[in-house]
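Take a look at the structure set out below.
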Amino acid sequence: MSADKITPDVRPGWPFPLGAHPEGGGVRFAVTSAVAEAVEVCLVDGEGDEPGSERRVELTEQTFGVWHGVVPGVTAGQRYGFRVHGPYDPANGLRCNPHKLLVDPYAYRVTGGLTELEPALGYRGDPMTGPRSTVDSLGHVPLSVVTAPGGADTGTRPEVPFEETVLYELHVRGFTQRHPEVPPEQRGTYLGLAQPAVVEHLVRLGVTAVELLPVNAFSDEPALLKGGRHNYWGYSTLAFLAPHPGYASRPGAEVEEFRTMVAALHAEGIEVILDVVFNHTCEGGVSGPTLSLRGLDAPAYYLLDRGGRDHDLTGCGNTLDAGSPAVVRLVTDALRRWVALGVDGFRFDLASVLGRPGGGGFHPHAPLLTAIATDPLLCTTKLIAEPWDATAEGYRVGGFGAQWAEWNGRYRDTVRDFWRGATGVRDLAYRLSGSSDLYGNNRRRPWASVNFVTAHDGFTLRDLVSYNEKHNEANGEDNRDGTNDNRSWNHGVEGETTDPDIVALRRRQVRNMLATLLLSTGTPMLTAGDELGRTQGGNNNAYCLDDETTWVDWSSTPDDLLAFVRQLTMLRHRSPALRQPQFFDGRPTRSGEPDLVWLRADGRPMTDHDWFDDSRRTLGMWIDGSESLARNREGDLVSDHSWLVVLHAGADEVEVTLPGAKFGSSFQPVLDTGSPNGVPADSSTLAPDATVTVPGRTVLLLRAPRLL
């Protein structure tokens, strides 16, 4: 490797937009650093991961803290990085080091990776008191790549209303790595997810949107590199505007193939939602590498204490400052870039950080959250918050603004507790009906509650009913990582078993939780593979396992479970009353009854005393469909059947009395979790006030005819 300093006829160009943009026989480079004394763009020869030699070009123009210039003769495909000359004063958070080649925060593509930690460190010895490192990082760190504008069309956006949405969280690699109908060279890639057989599975399953674990270019953390492991989930962002190159089927094709994937999903009416990480970066704490923002202008991007150390609200070593203008601009520009690539919405990881400017208290109208929600383009997308961070102060379930949906962690906990027999029905009623206690204020709607029982973080649904304890030994952290608050129940044996009674009960409990999820008001989210009986062997934090532990196994699909989930999603799509667009409020309907009635096993309405009886294990939920307030795409009100949902978590059977004639002239069982595929053994019509024997641990759904 060698470096040549050249001074071609660099034109000033404009400071915005930031990044690298081909224009006028060259490329205009623009990067922000208010503390820099000089900035060089370094053009690296070669392709892919080759070390190459570099040519350094000084960007002499500085406008509003943006260093910029048009370098002639540069074309798309050119690898590059920045070197920043400026103060090195760790006690004040300043870590400029021209020996470190920096990734452009606005790069549309990156190539290579962090191959060795030592050359990427900006310091020698102690990170706070040691001198600046003079080891050059070229050849050991990722590079940015100039990208041509434009690209393939991503199709018509499905624009599915939030109240009709069924989310499906998946990992691009893990979902298709073992799929038999995906060509081997496309498994684990964007193109793998675009394969007809894969898309068909999503369509038949009834999901309307995929929520992809991070696909921004990410890097391995130093601790993983030292242990010979890799970041699998991707919550370690390197470049916020670049698709992860590891998910491309061929080098350099990630932008094109990402567009192809989006187009294939859009063609079948499926929206694409990205899990984005704007709360921290892959640079870690003060002892971490200097790869991008730290070397450009650390105080402009990171929360730092008075001693120059990173303030960690994320548990990942650093925290982006949501109150910084540079961060607000970077985040909103990145989101707009992804919308240009066809993305329909975003799930914001540890989103409470985005509402804590300066690391202070949370505010739903903090600068960054407001900038996102009021942006004329971004406000048309689906915005989903993970409403917590790594601190107690950051737990803000129900605390975001009117345009935001939220992962409802209280829904997950309540449903798990109910079906393992650890709680009564009081909190369950709130969760089933849209969590109005959390989202009923501030003009929010039931869809703001993203209901889920499992997610990537934690047990799979099969493991939730198979393990009492986590088993994370493969992660290399002596089973210390991952939560201990699993609220799981192994039903008598830890892990896999051939005991037919335990296997049958576990499968029944899986059906119970899936039925609860898909019959609840709000936005349901399924986790990829739960409908296939996926297991991670009790690992509840498989963030660093890129192997068969985390890859979906398509070879042992339980057809009954798949059919069960399809039946539920079909019921939900066809029945407006099961996906209410507004909260229940006790309003009278054409039947003469309120829109929602809670019932005891004896058919009588619940009393105040009943709600506070924590031993109660049976709850009936009557939903009147005669005036559901749901509207079709033309805006017309649509009516529906009325529904009775009976949830019984007790171990023994219970006699349930159906409501009287004022609720309906007849009742027909349409779903029974006691059946492997959910189809009731007896679907004969039942009369009002009839008594039904409900076996232990069962969900029963009955339909009352629509009122004309």
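The values are calculated or read from the model by the stated rules, or taken from the named source; none is laboratory data. Owing to the predicted nature of the structure, the values given are computational and were not obtained by experimental measurement. Cβ: placed from backbone, ideal geometry, glycine included. Neighbour counts: every protein chain shown.
Candidates Arg480, Arg506: the one that is under 30 Å from Val199 (Cα atoms) and either without any contact (Cβ under 8 Å) to a residue 12 or more places away in the chain or touching a Ser or Thr at 6+ places or on another chain (Cβ under 7 Å) (or both) is Arg506. Of all residues in segment 640-668, those satisfying the criterion of being touching an Asp or Glu at 6+ places or on another chain (Cβ under 7 Å) and either free of Cβ contacts under 8 Å to residues at least 60 places away in the same chain or surrounded by fewer than 21 Cβ atoms within 10 Å (Cβ to Cβ) (or both) are Thr657, Leu658, Gly660, Lys662. Residues in segment 669-681 that are over 21 Å from Val465 (Cα atoms) and touching an Asp or Glu at 6+ places or on another chain (Cβ under 9 Å): Pro669, Val679, Pro680, Ala681.
Considering the conditions (1) in contact with a Pro (Cβ under 6 Å, 6 or more places away or on another chain); (2) surrounded by fewer than 17 Cβ atoms within 10 Å (Cβ to Cβ), Arg396 is excluded by exactly one of them, (2). Considering only residues in segment 349-382 that are out of contact with any Gly (no Cβ under 7 Å at 6 or more places or on another chain) and of a type in the set (Gly, Ala, Ser), the one that is nearest to Tyr235 (Cα to Cα) turns out to be Ala351.
Inside segment 173-211, residues that are among the charged types (D, E, K, R) and closer than 21 Å to Gly345 by Cβ make up a count of 1. Sub-7 Å Cβ pairs linking a first residue in segment 567-584 that is touching a residue at least 24 places away in the same chain (Cβ under 8 Å) to a second residue that is in a helix (DSSP H, G or I) and surrounded by fewer than 22 Cβ atoms within 10 Å (Cβ to Cβ), at least 6 apart or interchain, are Thr569/Leu205; Leu578/Leu571; Leu578/Arg572; Arg579/Glu163; Arg579/Glu164; Arg579/Arg572; Pro581/Glu163; Phe583/Ser436, ordered by first then second residue.
No other residue among Ala371, Ala385 is aliphatic (A, V, I, L, M), buried (at least 17 other Cβ atoms within 10 Å of the Cβ), within 19 Å of Phe240 (Cα to Cα) and out of contact with any strand residue (DSSP E or B) (no Cβ under 9 Å at 6 or more places or on another chain) apart from Ala371.
Only a single criterion out of (1) touching a Ser or Thr at 6+ places or on another chain (Cβ under 9 Å); (2) farther than 19 Å from Leu241 by Cα; (3) modelled with pLDDT under 95 is not satisfied by Gly48, namely (2).
Annotation for segment 106-116: no member residue is in contact (Cβ under 8 Å) with a residue 24 or more places away in the chain and in a helix (DSSP H, G or I). Tell me, please, whether a residue that is crowded, with 21+ Cβ neighbours inside 10 Å and more than 21 Å from Thr569 (Cα to Cα) can be found in segment 155-169. There is no residue in segment 155-169 that is crowded, with 21+ Cβ neighbours inside 10 Å and more than 21 Å from Thr569 (Cα to Cα).
Among the residues of segment 237-252, those identified as small (Gly, Ala, Ser) and within 16 Å of Ala107 (Cβ to Cβ) are Ala239, Ala242, Gly246, Ala248, Gly252.
Among the conditions (1) closer than 21 Å to Gly625 by Cα; (2) out of contact with any Asp or Glu (no Cβ under 7 Å at 6 or more places or on another chain); (3) among the acidic types (Asp, Glu), the only one that Asp595 does not satisfy is (2). Among the residues of segment 412-447, those that are on the phi > 0 side of the Ramachandran plot and surrounded by fewer than 19 Cβ atoms within 10 Å (Cβ to Cβ) comprise Gly421, Asn442, Arg443. Taking Thr115, is it touching a helix residue (DSSP H, G or I) at 6+ places or on another chain (Cβ under 8 Å), polar (S, T, N, Q) and over 23 Å from Val327 (Cα atoms)? The answer is no for Thr115. Whether a residue is touching a strand residue (DSSP E or B) at 6+ places or on another chain (Cβ under 6 Å) and crowded, with 19+ Cβ neighbours inside 10 Å was assessed, and Leu291 does not pass this test. Here the condition is being among the charged types (D, E, K, R), under 30 Å from Ser642 (Cβ atoms) and buried (at least 19 other Cβ atoms within 10 Å of the Cβ); of Arg534, Arg506, Arg511, it holds for Arg511 alone. Among the numbered conditions (1) surrounded by fewer than 23 Cβ atoms within 10 Å (Cβ to Cβ); (2) at pLDDT 95 or above; (3) in a loop (DSSP other than H, G, I, E, B), the only one that Thr260 does not meet is (3).
Matching residues to (1) at pLDDT below 95; (2) buried (at least 21 other Cβ atoms within 10 Å of the Cβ); (3) over 28 Å from Tyr88 (Cα atoms):
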{"site": "Ser2", "(1), (2), (3)": "yes, no, no"}
{"site": "Ile6", "(1), (2), (3)": "yes, no, no"}
{"site": "Asp9", "(1), (2), (3)": "yes, no, yes"}
{"site": "Arg28", "(1), (2), (3)": "no, yes, no"}
{"site": "Ala36", "(1), (2), (3)": "no, yes, no"}
{"site": "Leu43", "(1), (2), (3)": "no, yes, no"}
{"site": "Leu59", "(1), (2), (3)": "no, yes, no"}
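Is it true that some residue in segment 677-697 is within 25 Å of Trp489 (Cα to Cα), of a type outside the set (A, V, I, L, M, F, W, C), modelled with pLDDT of 95 or more and part of a strand (DSSP E or B)? No, segment 677-697 contains no residue that is within 25 Å of Trp489 (Cα to Cα), of a type outside the set (A, V, I, L, M, F, W, C), modelled with pLDDT of 95 or more and part of a strand (DSSP E or B). Filter segment 297-339 for residues that are part of a loop (DSSP other than H, G, I, E, B), charged (D, E, K, R) and crowded, with 24+ Cβ neighbours inside 10 Å and give the result. Residues satisfying the conditions do not exist here. Considering Arg173, Arg178, the condition of being modelled with pLDDT of 95 or more, farther than 19 Å from Val276 by Cβ and either assigned to a helix (DSSP H, G or I) or touching a Lys or Arg at 6+ places or on another chain (Cβ under 9 Å) (or both) is satisfied by Arg178 alone. Just one of the listed residues (Val141, Val199) is in a loop (DSSP other than H, G, I, E, B) and more than 18 Å from His456 (Cβ to Cβ), and it is Val141. Residues of segment 113-152 that are β-branched (Val, Ile, Thr) and over 21 Å from Ala76 (Cβ atoms): Thr115, Thr129, Thr134, Val135, Val141.
In the condition set (1) within 22 Å of the chain's Cα centre (by Cα); (2) in a helix (DSSP H, G or I); (3) crowded, with 24+ Cβ neighbours inside 10 Å, Phe278 is compliant with all but (2).
Among the residues making up segment 676-706, a single one is within 22 Å of Thr569 (Cβ to Cβ), buried (at least 16 other Cβ atoms within 10 Å of the Cβ) and free of Cβ contacts under 8 Å to residues at least 40 places away in the same chain: Pro680. With respect to the stated conditions, Val41 fails to be touching a residue at least 60 places away in the same chain (Cβ under 8 Å) and either outside any loop (DSSP other than H, G, I, E, B) or touching a Phe, Trp or Tyr at 6+ places or on another chain (Cβ under 8 Å) (or both).
Conditions tested, residue by residue: (1) assigned to a helix (DSSP H, G or I); (2) farther than 28 Å from Arg336 by Cα.
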{"residue": "Glu169", "(1), (2)": "no, no"}
{"residue": "Val210", "(1), (2)": "no, no"}
{"residue": "Leu225", "(1), (2)": "yes, yes"}
{"residue": "Arg229", "(1), (2)": "no, yes"}
{"residue": "Leu241", "(1), (2)": "no, no"}
